[in-house]
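The values are calculated or read from the model by the stated rules, or taken from the named source; none is laboratory data. These figures come from a predicted structure and were not determined experimentally. Every residue, glycine as well, gets a Cβ built from its backbone with ideal geometry; the counts of neighbours run over all protein chains shown.
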Amino acid sequence: MDHFTYKQGVLHAEDVPLTEIAAQVGTPFYVYSTATLLRHYRLFDEALDGMDHLVCYAMKAASNQAILKTLGDAGAGMDVVSGGEYARAKAAGVPGERIVFSGVGKTEAEIRAALEGGIRQFNVESEPEMDVLNRVALELGTKAPITVRVNPDVDARTHAKIATGKSENKFGIPIARAREVYAIASRMEGIEVVGIDVHIGSQLTELEPFEQAYQKVAELTETLRADGHDIRRLDLGGGLGIPYTRANSAPPLPVEYGALIKRTLGHLGCEIEIEPGRLIAGNAGLMVAAVVYVKSGEGRDFLILDAAMNDLIRPAMYDAHHDIVPVQEPAAGIEQRAFDIVGPVCETGDTFARQRMMPPVPPGSLVAFRSAGAYGAVMSSEYNTRPLIPEVLVKDDQFAVIRARPTIDEIINRDSVPSWL
Ligand code: LLP
């Protein structure tokens, strides 16, 4: 569910007409709904009701300070994967004890910064990383709280580029080696084992792969406890998918996911952490663009937008589908035509949709890409010297620009020309 609906014939974000935002900030832009962000966070929080738990928003999905502050103020923790994300979470006021640090390549500098600034736990992904953690913690005279991310060798049945839980993926430690790695960890003076971590992939549309992974985690918890480790926290990762089309079947709901967690792991009495990103931010954001030209080609027609693959890379990168709807509500029963919907960037990959049925959208009219709140703005670039597009946050009938569009001069002035030129 989201808070983007037509009112008086115009698509609104909560109570703000998108036409009003477009008039003020220009197109293209991203717009987020505060109510949707909070609703999705609370759905997860409530789904784990009755268990000691923390929802750590995977901020890689959308990491604007205003979004982090919205969620952080509501009580969310954060899952970070770089020193930059750690700093952003802290800058948004999230305390270290609510931040978990994931990622396969944490550098020594990143580890040091997190240990100094305060951290709930590191999700360790390799033995060499654990060595560095141990050494840095000892240098700082502290202990690094850790879970080991185990790779359960489970097929998440999602797009190959976002599946992470198979043995051939770069993530985690093979679950078969876990006992050995925990034994090594327990002998390290700078390491404090607090639990187990698992994350098998993103945009999962069924519960079964989670169930397989969580059962393996439950067994491992008992084994490690029998070995004498104090496993008191389970980080179950993120990955619950969202409906990208209104038409197709809906993925499981957070409440069903929560019930699965209780069923598979509830008896262990552990504190539960989850790291949802997409489900919190995805349907809380739209990308709004304007039609520049309607072009008739050989046997097909093109809608050429002022947004491009550099603004929303998901269709080009993962063949992802985003619903694209006109901002002016089309009259009921109006005739639709098939278009290829493209951006102005000079490559054929700059195609958002092929043969998509659309009502008439003349040049100058606005269209909205649904489900663009997660992995949209954060993955954008300035390819073709197209400025990063602004981000706007709506709350009820108010809106604010939360990241401004840079000017072309600002972009040019970021470069420096060496003295010999
Ligand atoms: N935790 C870890 C350790 C992760 O690697 C990820 C996502 C998450 C949590 C959050 O997963 P989510 O709940 O958002 O599915 N750019 C891709 C998605 C990459 C996901 C990477 N890891 C896309 O646009 O589909």
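Numbers below:
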item: Unique residue being farther than 16 Å from Ala114 by Cβ and more than 14 Å from the ligand (Cβ to nearest atom) when the list is Ala62, Ala66, Ala92; result: Ala66
item: Pair list, Cβ < 6 Å and 6+ apart or interchain, from segment 79-107 residues that are closer than 11 Å to Tyr57 by Cβ to residues that are more than 16 Å from the ligand (Cβ to nearest atom) and not basic (Lys, Arg); result: Ala92/Gln65; Ala92/Gly72; Val94/Gly72
item: Any hit, segment 160-180, residues being in contact (Cβ under 8 Å) with a residue 60 or more places away in the chain, assigned to a loop (DSSP other than H, G, I, E, B) and under 24 Å from the mean Cα position of the chain (by Cα); result: yes
item: Top-ranked residue of segment 122-139 - restricted to ones that are of a type in the set (A, V, I, L, M) and buried (at least 23 other Cβ atoms within 10 Å of the Cβ), ranked as nearest to the chain's Cα centre (by Cα); result: Val124
item: Segment 237-247, subset assigned to a loop (DSSP other than H, G, I, E, B) and within 16 Å of the ligand (Cβ to nearest atom), residue modelled with the lowest pLDDT; result: Thr245
item: When residues of segment 389-410 are limited to those that are touching a Pro at 6+ places or on another chain (Cβ under 6 Å) and either of a type in the set (Asp, Glu) or more than 19 Å from Lys69 (Cβ to Cβ) (or both), the one surrounded by the most Cβ atoms within 10 Å (Cβ to Cβ); result: Ile389
item: Segment 256-286 - residue that is surrounded by fewer than 18 Cβ atoms within 10 Å (Cβ to Cβ) and of a type in the set (Asp, Glu) and, of those, farthest from the ligand (Cβ to nearest atom); result: Glu271
item: Subset of segment 356-376 [within 16 Å of the ligand (Cβ to nearest atom) and either outside the structural domain of Val392 (by TED's automatic domain parsing) or not aliphatic (A, V, I, L, M) (or both)]; result: Phe369, Arg370, Ser371, Gly373, Tyr375, Gly376
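To keep it simple, each residue is scored yes or no on (1) over 27 Å from Ala281 (Cβ atoms); (2) modelled with pLDDT under 95; (3) out of contact with any Ser or Thr (no Cβ under 9 Å at 6 or more places or on another chain); (4) surrounded by fewer than 23 Cβ atoms within 10 Å (Cβ to Cβ).
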position	(1), (2), (3), (4)
Gly141	yes, no, yes, yes
Arg187	yes, no, yes, yes
Asp197	no, no, no, no
Glu219	yes, no, yes, yes
Gly228	yes, no, no, yes
